[in-house]
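Chemist: Here you go, one structure.
The values are calculated or read from the model by the stated rules, or taken from the named source; none is laboratory data. Quick caveat: nothing in here was measured; it's all calculated off a predicted structure. Glycine gets a Cβ as well: all are built from the backbone with ideal geometry, and neighbour counts include every protein chain shown. Protein only, heavy atoms only, side chains kept; ligands, DNA and RNA dropped before computing areas. Shrake-Rupley method; radii C 1.70, N 1.55, O 1.52, S 1.80 Å.
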Amino acid sequence: QVQLVESGGGLVQAGGSLRLSCAASGLRFKDYAVGWFRQAPGKEREWVGVVSWSGSTTYFADSVKGRFTISRAYADNTVFLQMNNLKVDDTGVYYCAAGTQVLTYFSSSEYDYWGPGTQVTVSS
């Protein structure tokens, strides 16, 4: 049974910070690249960032560069998305996803497993 579960979402004012967690079970997380996506109401799912198998390489969407970071806790089979200086436009449901053959890392179809998502709401 493969399962990814996001946590840490909530309501925060613009300029604030949140840290999301993605906990995995049923797979060897260190063998997977882990991506983060988000989806606002009425919009398509948007890629946020990705971390490599090793944890040494990260890429981010232009909209979040300089504000978001990703880290891995291999012993806990967990990946974190640290979100700083949040903007209203960051509001949405955030998903983590894992894949073993991720090449086009900003494409949802590249990932094999997805969590159910956690809501992030940024107020002005």
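Chemist: Assuming R0 = 30 Å, what is the FRET efficiency of Thr104 and Ser124, from their Cβ-Cβ distance, to the nearest 0.05?
Modeler: Between Thr104 and Ser124 the formula returns 0.30.
Chemist: Which value in nm describes the separation of the simple spin-label points at Asn84 and Gln13, placed 7 Å from the Cα toward the beta carbon?
Modeler: About 2.0 nm, to one decimal.
Chemist: Could you go through segment 33-42 in sequence order and give the Karplus-derived ³J(HN,Hα) for each residue, using 6.51 cos²θ - 1.76 cosθ + 1.60 with θ = phi - 60°, rounded to whole Hz, and x for Gly and Pro?
Modeler: The phi angles translate into 6, 10, x, 10, 10, 9, 9, 8, x, x Hz.
Chemist: From a point 7 Å beyond the Cα of Thr58 in the direction of its Cβ, which residues of segment 1-24 have a backbone N at a distance under 14 Å?
Modeler: 18-22
Chemist: Okay, moving on. Have a look at Ala23, Ala97, Ala14 and tell me which one the Gaussian network model of the chain (Cα, springs below 10 Å) gives the largest fluctuation.
Modeler: Of the options given, Ala14 has the highest mean-square fluctuation.
Chemist: Highest GNM mean-square fluctuation, the chain, Cα pairs closer than 10 Å: which of Tyr105, Tyr113, Tyr32?
Modeler: Tyr113
Chemist: Considering only protein heavy atoms, what per residue accessible area in square angstrom results for the chain with a 1.4 angstrom probe?
Modeler: With all protein chains present, the chain gives 52 Å² per residue.
Chemist: Moving to a separate point now. Of the accessible area of the chain, with the probe set at 1.4 angstrom, what percent is carbon plus sulfur?
Modeler: Its accessible area is 47 percent carbon and sulfur atoms.
Chemist: On to the next question. Under a point spin-label approximation (7 Å from Cα along Cα-to-Cβ), what is the Gln39-Ala75 distance to one decimal in nm?
Modeler: 3.6 nm
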